[in-house]
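Read through the structure below, which is laid out as structure tokens, and then see the notes.
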Amino acid sequence: MLLAMSSPELLTFPCAYPIKVMMRASAEPRAHVDAVIGRHAGAAVAAAATERSSAQGNFRGVTYTIQARDSQHIAAIFADLKDIPGVLMVL
């Protein structure tokens, strides 16, 4: 007998969802990332981001906590962030 199994939702939406963006340390990528986050999640989310620089100061990691509506919302933000020059990784 074969049982139909559905994959369980790992997140319950809406929820607070942290997005970490690793980028080069120049100001240009950060401004573009803030604009994308502001467009998808609101300017207040971009303003409340936390930032940490690498030991040599060449890179920075910025964490934004958004209110994710659904998995498509998260996927759209990730896609837009990955297209920004200077962004190295989105987690």
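Here, each number is a calculation from the coordinates, and none is a lab measurement. From a predicted model like this one, the values you see are computed outputs, not experimental measurements. Please note: Cβ atoms are built from the backbone with ideal geometry, for glycine as well, and neighbour counts cover all protein chains shown.
Some points to look at:
- Considering the range 41-57, the residues that are farther than 17 Å from Arg24 by Cα and touching a strand residue (DSSP E or B) at 6+ places or on another chain (Cβ under 7 Å) include one that is surrounded by the fewest Cβ atoms within 10 Å (Cβ to Cβ), namely Val45.
- Against the numbered list (1) surrounded by 11 or more Cβ atoms within 10 Å (Cβ to Cβ); (2) touching a strand residue (DSSP E or B) at 6+ places or on another chain (Cβ under 7 Å), Ser71 comes up short only at (2).
- Restricting attention to the range 22-49 and to residues that are among the hydrophobic types (A, V, I, L, M, F, W, C) and touching a residue at least 24 places away in the same chain (Cβ under 8 Å), the residue that is nearest to Thr63 (Cα to Cα) turns out to be Met22.
- The range 33-77, residues that are farther than 14 Å from Pro18 by Cα and among the basic types (Lys, Arg): Arg39, Arg52, Arg60
- Residues in the range 15-58 that are part of a loop (DSSP other than H, G, I, E, B) and out of contact with any helix residue (DSSP H, G or I) (no Cβ under 9 Å at 6 or more places or on another chain): Ala25, Ser26, Gly42, Ala48, Ser54, Ala55, Gln56, Gly57, Asn58.
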